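The values are calculated or read from the model by the stated rules, or taken from the named source; none is laboratory data. Note that the coordinates shown come from a computational prediction; the quantities given were computed from them, not determined experimentally. Neighbour counts are summed over all protein chains in view; Cβ atoms, including those assigned to glycine, are modelled from backbone coordinates with ideal geometry.
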Amino acid sequence: MSRSKPSQAWSANLAAFLLLLSAGLAWALDADEPSIRPDAKTPYFHLWSNRSVGDHGEVVLDVSATGATCGVQWRYDHAELEILRNRFGDAQFVRLPEPGCLSCDPIVLRWMHEPTGYLDVNVNVFRRAVVVPCDGGP
């Protein structure tokens with residue numbers, strides 16, 4: 001059984017489909033569901049503790065949207081806790097804001113480690129691009 005070349009109609013249909021698909025992807029990036037990305041290559045917050053008597057604490061992080069009032073805004077989407085090193089310690093989110101908030105409740109992180117332990121934690125915050133229309137008139 002030999003393979004035949006695709007017909008010109010099939011190739012034209014494929015080209016039209018790919019064109020529509022690429023147009024749809026471009027529209028999706030400008031619409032309600034654009035990309036989600038971390039703020040930068042570095043973590044939003046870093047905690048390192050190794051006190052010989054143990055330690056504990058609570059950290060409050062503000063993740064409210066800042067910048068332009070219209071156009072592209074990077075709003076809070078979600079946060080991830082990355083434990084880099086841990087010995088007899090723990091860290092956890094106590095409170096997280098709702099995704100997409102403009103004026104967000106803060107992230108609350110509680111942490112602790114025992115006297116012979118240590119803790120090394122990153123908090124990575126991811127934001128979503130939201131396109132806010134600029135109203136030129138009243």
Original post:
What residue, among those in segment 72-109 that are of a type in the set (Val, Ile, Thr) and modelled with pLDDT of 95 or more, is surrounded by the most Cβ atoms within 10 Å (Cβ to Cβ)?
Top reply: Ile107
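Tally time: how many residues in segment 64-97 are more than 13 Å from Val125 (Cα to Cα) and assigned to a loop (DSSP other than H, G, I, E, B)?
Going residue by residue through segment 64-97, those that are more than 13 Å from Val125 (Cα to Cα) are 66-73, 83-92, 94-95.
If we keep only those that are assigned to a loop (DSSP other than H, G, I, E, B) too, we end up with 66-70.
Total meeting the criteria: 5.
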